[in-house]
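Peer 1: Would you mind keeping the following structure in view while I ask a few things?
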Amino acid sequence: MTNFFLQALAEVGTPSVLGLIIIGVLFGIVGGSIPGFTVTMAILVVFPFTFAMDPVSGVSLMVGVFVGGYSGGIVSGVMLGIPGTPSSITTVYDGYPMAQKGEPGRALGIGVASSFLGTLISVAVLVFFGPLIASFSMNFRPWEITALIVFALTLVAGLSSGALLKGLMAAALGLLITTVGYDRNSNLRFDFGLPAMGSGFEILPVMIGIFAFSQLLGNIEKLKDEKSDAKKIDTNVTIPYGLILKDMAGQKLNTLRSSLIGSLVGALPGTGGTVANFLSYDQAKKFSRHPEEFGTGTPSGIVASEASNSAVAGGAFVPTLALGIPGDLPMAIMMGVLILHGITPGPMMFEQNPVLVGAIYASLLIGAVVMVLCNLLLVRWFAKISLIPQQILVPVVLMLCAIGAYALNNNLFDIWVLFIFGIIGYLLWKADVPLTPLILGVVLGDNLERQLFRALELNESWLTFLTRPLSALFLALAVASILFSLYQDRKIQRLKNAAQRENI
Amino acid sequence: MLTLTKDRALALALLLIVAVMWMESGDIRPPTSWQPYGSALFPRILLVVIGVLSLLILVRSLWVNVPERLGAKQLVTEWFQSRRTILALFLLFGLYAALLPVVGYIAATIGFLVASLALLLGIDTRRKWMINLTLSATLTIVIFVVFRYGLNVWLP
């Protein structure tokens, strides 16, 4: 363990890779601080630049974006009162009031320090639990892996904001997309007579199309609906280091609890920064001696919010690396990066690519340090950049998406794939279909089919999935997650009906 | 007459896709003697799942009372009219994809950026034009240099 980590550190410690981590963190912070841009979009935009890189460089750059992105939401949250990413919504609750009281530097400093500690604690969780889970899952055979993927998909679909049917349908659609082209037996499926469809769809243009178009064009629609009140903000911020140290000294338990919540939530498929954010804010309020201060500009609220959302980064790597099951949308895209670099995340990754696993740990640690330095030194600039209007951002990002899709294989067909899936993604988003299960289905589809048929080739009986204890457990959990979502859906519906009746 | 809602439109569109793909799945080569299951099984399982879920969405949407407003045709027209900017942006992107192999990366990208920035930012002042042209040209060339010389990736 120490050996491969040192080897990885030596690879990540080269000037070129360090430079990439710095660029990644800077881009991540910028992406996270622009309202409506999100961490996921930042990752998607940087993704194509990794094609020409070796795996360690590419993954280090992406990890940098990841770490920077989760912390970037602080800037717009504190300065504008608008969360840069959904995972920093609760940062606004206390960060913005503190800035309005004339202490924006204190709010930013507390946020950055909490983000740093959250990332460190989550790396510790990853280092400890990643190999444990991986070595446990080494015993998984095709039946267990199939059942685990089904469980992950149902869990993600079920957590899709009260839209279980649409979530499940989105997951199935995602899986269906992966069936286009030649299959494992070299049989052609759904090519509709077009030779270009024979090799199927590349994951990247499909993912970018589905996610980026809906997100970017959705931002344009929102601009039309609500007139932007981009205010002139005072970006002349000074960080009171002494006061922040004092603030943080009184937040040890809150930091630890929020970071652990973030790591745990990050490790669960289907959840992510937003869930971690609300959960830890709620817990911090419940444990606080002064819950009435929450929402008025208390350091505890900022610590709870930022420590938890940054801890998601490390936590989300646990299932991705150990099981090959991405925890959330940014992780699904990270998994796409690894696959494109010829690395299949899963239990074998710890055996076959220990240096790369170590490089991820090292990049997370270095990225956290770079993130603190960048945030503290360049906060004024980030505050200015966060004001870039969507009208400029959208065409530029769309162009980058197109070039990224093309650069993957120097193939113009991939731009058309991006375009078609952009239209599909936008229409599905307009129909309130959750897109995360769809993207997860696209990422996991090939593996699910391969494992399912390997299981059936080893034993033709479908009942084997129920007679093997672990696969039966995962399938039972899948059914339980659907039933739980149904219960929640009904509860939400009842509340909606009651609210409607009151309005009448 | 039933009003066309989001859920109903979604369910009907998906049922149509399922029907088309089910027919297309008939062309997939059948399993050989050593294969217990053929290549069509997995997609067919998924098509059944999507079909059943779409039906459930359709049936559920019938239970929800929707005030009768416009007919399907008027609703579609209204939908398209209220999203003219978005549709224009899609059109520009489609044109960009079509023009890339014809006129090359630099001309197509500058054209796409100028047109889409003009669409979203507006072209009513000289300042907006300046921002538009400077940004479009600079970004196009920077990206070209980064990909071509930094990453050794040839753009069309």
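The values are calculated or read from the model by the stated rules, or taken from the named source; none is laboratory data. If you're wondering where the values come from, they're calculated on a predicted model, not measured in any experiment. When we count neighbours, we look across all protein chains shown, and the Cβ atoms used for this are built from the backbone with ideal geometry, even at glycine. SASA here: full protein model, heavy atoms, side chains in, ligands and nucleic acids out. Shrake-Rupley method; radii C 1.70, N 1.55, O 1.52, S 1.80 Å.
Peer 1: Helix B:72-82 against the longest principal axis of chain B: what's the angle in degrees, Cα atoms only, rounded to the nearest 10?
Peer 2: 20 degrees
Peer 1: Continuing with this model, one more query. Quick one: grab the alpha carbon gyration tensor of chain A, order the square roots of its eigenvalues as a ≥ b ≥ c, and give me rounded if a/c is under 1.5, else prolate or oblate depending on whether a/b is larger than b/c. Display every interim value, and only then the final one.
Peer 2: On the way: a/c = 1.42, a/b = 1.37, b/c = 1.04.
Cα axes put chain A in the rounded bin.
Peer 1: Still on this model: Using only the Cα atoms of segment A:258-320, what semi-axes does the equivalent ellipsoid have when each is the square root of 5 times a gyration tensor eigenvalue? Give whole Å, largest first. The partial results should precede the final answer.
Peer 2: Details: eigenvalues 109, 16, 13 Å².
Each semi-axis is the square root of five times an eigenvalue, giving 23, 9, 8 Å.
Peer 1: Roughly how tilted is helix A:354-385, in degrees to the nearest 10 and between 0 and 90, from the longest Cα axis of chain A?
Peer 2: Rounded to the nearest ten degrees, it is 40.
Peer 1: Using a cut-off of 9 Å between beta-carbons, work out the net charge of the residues near A:Phe294 (Lys and Arg +1, Asp and Glu -1, A:Phe294 not included).
Peer 2: That sum, taken over residues with Cβ under 9 Å, equals -2.
Peer 1: Now a separate question. Identify which of B:Thr140, B:Thr77, B:Thr32 has the largest mean-square fluctuation in a Gaussian network model of chain B, with springs joining Cα atoms closer than 10 Å.
Peer 2: B:Thr32
Peer 1: What list of ³J(HN,Hα) couplings, whole Hz, do you get for segment B:113-122 from phi and the Karplus terms 6.51, -1.76, 1.60, once you set θ to phi - 60° and write x for glycine and proline?
Peer 2: Coupling constants for segment B:113-122: 5, 4, 5, 6, 5, 5, 4, 8, 7, x Hz.
Peer 1: Local charge sum around A:Ile89 (other residues, Cβ-Cβ under 15 Å, Lys/Arg +1, Asp/Glu -1)?
Peer 2: On the way: positive: A:Lys285; negative: A:Asp94, A:Asp282, A:Glu306.
That works out to -2.
Peer 1: How large is the Rg to Rh ratio of segment B:47-151 when both quantities use alpha carbon positions and Rh follows Kirkwood? Walk me through the numbers on the way to the answer.
Peer 2: Details: Rg = 21.5 Å, Rh = 17.7 Å.
Here the Rg-to-Rh quotient is 1.22.
Peer 1: Provide the buried accessible surface between chains B and A in square angstrom, both chains summed, 1.4 Å probe, rounded to the nearest 100. Show your work: numbers first, answer last.
Peer 2: Working: alone 11930 and 21930 Å², together 28240 Å².
Chains B and A together bury approximately 5600 Å².
Peer 1: OK, next. Translational diffusion coefficient, Stokes-Einstein: compute it for segment A:96-231 using the Kirkwood radius over C-alpha pairs as Rh, at 37 °C and 0.692 mPa s, and state it as an integer in µm² s⁻¹.
Peer 2: Details: Rh = 20.4 Å.
Rounded to a whole number, D works out at 161 µm²/s.
Peer 1: Counting only residues 5 or more places away or on other chains, whose amide H sits under 5 Å from the amide H of A:Arg189 once H atoms are built in the peptide plane?
Peer 2: Amide H neighbours of A:Arg189, under 5 Å, 5+ apart: A:Gly181, A:Tyr182, A:Asp183.
Peer 1: Something else now. If exposed means no more than 12 neighbouring beta carbons inside 10 Å and the site is in a DSSP loop, what's the longest run of chain A without any exposed trypsin sites (Lys or Arg not before Pro)?
Peer 2: A:290-504
Peer 1: Another one. Filter the chymotrypsin sites (Phe, Trp or Tyr not before Pro) in segment A:123-208 to those in DSSP coil with at most 12 other Cβ atoms within 10 Å of their Cβ, and list the result.
Peer 2: Working: sites: A:Phe128, A:Phe129, A:Phe136, A:Phe140, A:Trp143, A:Phe151, A:Tyr182, A:Phe190, A:Phe192, A:Phe201; in loops: A:Phe140, A:Phe190, A:Phe192, A:Phe201.
Those satisfying the criteria are A:Phe192.
Peer 1: Could you give me D for segment A:444-491, from Stokes-Einstein at 20 °C and 1.002 mPa s, where the hydrodynamic radius is the Kirkwood radius over C-alpha pairs? Units µm² s⁻¹, please.
Peer 2: Numbers: Rh = 12.3 Å.
Translational D for this selection: 174 µm²/s.
Peer 1: Something else: Take every residue in peptide B:44-55, count the Cβ atoms of other chains within 10 Å of its Cβ, and give the average of those counts. Can you show the working numbers first?
Peer 2: Working: counts 1, 5, 13, 3, 1, 7, 8, 2, 4, 10, 4, 0.
Going residue by residue through B:44-55 and averaging, the value is 5.
Peer 1: Before anything else, pin down the relative contact order of chain A: Cα pairs under 8 Å, at least 6 apart, normalised by residue count, whole percent. Could you put the intermediate results ahead of the total?
Peer 2: Details: 957 pairs, mean separation 143.7, N = 504.
Relative contact order here is 29 percent.
Peer 1: At q = 0.15, 0.16, 0.18, 0.24 Å⁻¹, what log₁₀ I(q)/I(0) does segment A:58-125 have when each alpha carbon counts as one equal point scatterer in the Debye sum?
Peer 2: Each listed q corresponds, in turn, to -0.48, -0.53, -0.65, -0.98.
Peer 1: May I ask you to evaluate 6.51 cos²θ - 1.76 cosθ + 1.60, the Karplus curve with θ = phi - 60°, for each residue of segment B:137-147 and list the ³J(HN,Hα) values in order in whole Hz, giving x for glycine and proline?
Peer 2: 5, 4, 4, 4, 6, 4, 4, 4, 5, 4, 6
Peer 1: What are the extents of the Cα atoms of segment B:107-156 along their three principal axes, in Å, largest first?
Peer 2: If we take the Cα atoms of segment B:107-156, the spans are 40, 16, 14 Å.
Peer 1: When only alpha-carbon atoms count, how far does segment A:1-81 stretch along each of its three principal axes, as whole angstroms with the largest first?
Peer 2: 45, 26, 21
Peer 1: Could you tell me which trypsin sites (Lys or Arg not before Pro) in segment B:79-132 are loop residues by DSSP with no more than 16 other beta carbons within 10 angstrom of their beta carbon?
Peer 2: On the way: sites: B:Arg83, B:Arg84, B:Arg126, B:Arg127, B:Lys128; in loops: B:Arg83.
Answer by residue number: there is no such site.
Peer 1: Per residue of A:168-175, count partner chain C-beta atoms within 10 Å of its C-beta, then hand back the mean as an integer. The partial results should precede the final answer.
Peer 2: Details: counts 5, 11, 2, 4, 11, 6, 1, 6.
Per-residue shielding by partner chains comes out at 6.
Peer 1: Convert each backbone phi in segment A:248-260 into a coupling constant with the Karplus relation 6.51 cos²θ - 1.76 cosθ + 1.60 (shift: θ = phi - 60°), then list the ³J(HN,Hα) values in order as whole Hz, x for Gly and Pro.
Peer 2: For segment A:248-260, the Karplus-derived couplings read 5, 4, x, 10, 4, 5, 4, 4, 5, 4, 5, 5, 5 Hz, x marking Gly and Pro.
Peer 1: For segment A:1-43 and segment A:327-362, compute the distance between their C-alpha centroids and round to whole Å.
Peer 2: Each part reduced to its Cα centre gives a spacing of 14 Å.
Peer 1: May I pose another question? Could you give me D for segment A:345-494, from Stokes-Einstein at 37 °C and 0.692 mPa s, where the hydrodynamic radius is the Kirkwood radius over C-alpha pairs? Units µm² s⁻¹, please. Walk me through the numbers before you get to the answer.
Peer 2: Details: Rh = 21.2 Å.
Estimated via Stokes-Einstein, D reaches 155 µm²/s.
Peer 1: Using alpha carbons only, how many angstrom separate the centre of segment A:446-460 from the centre of segment A:97-132?
Peer 2: 43 Å
Peer 1: So, counting K/R as plus one and D/E as minus one, what does the shell of residues with Cβ under 14 Å around A:Leu61 add up to? Can you show the working numbers first?
Peer 2: Details: positive: none; negative: A:Glu11, A:Asp54.
Every neighbour counted, the sum reads -2.
Peer 1: Let me ask something additional. Can you tell me the orientation of helix A:142-158 relative to chain A, as the angle in degrees between its alpha-carbon axis and the longest Cα principal axis, to the nearest 10?
Peer 2: Roughly 50 degrees between the two axes.
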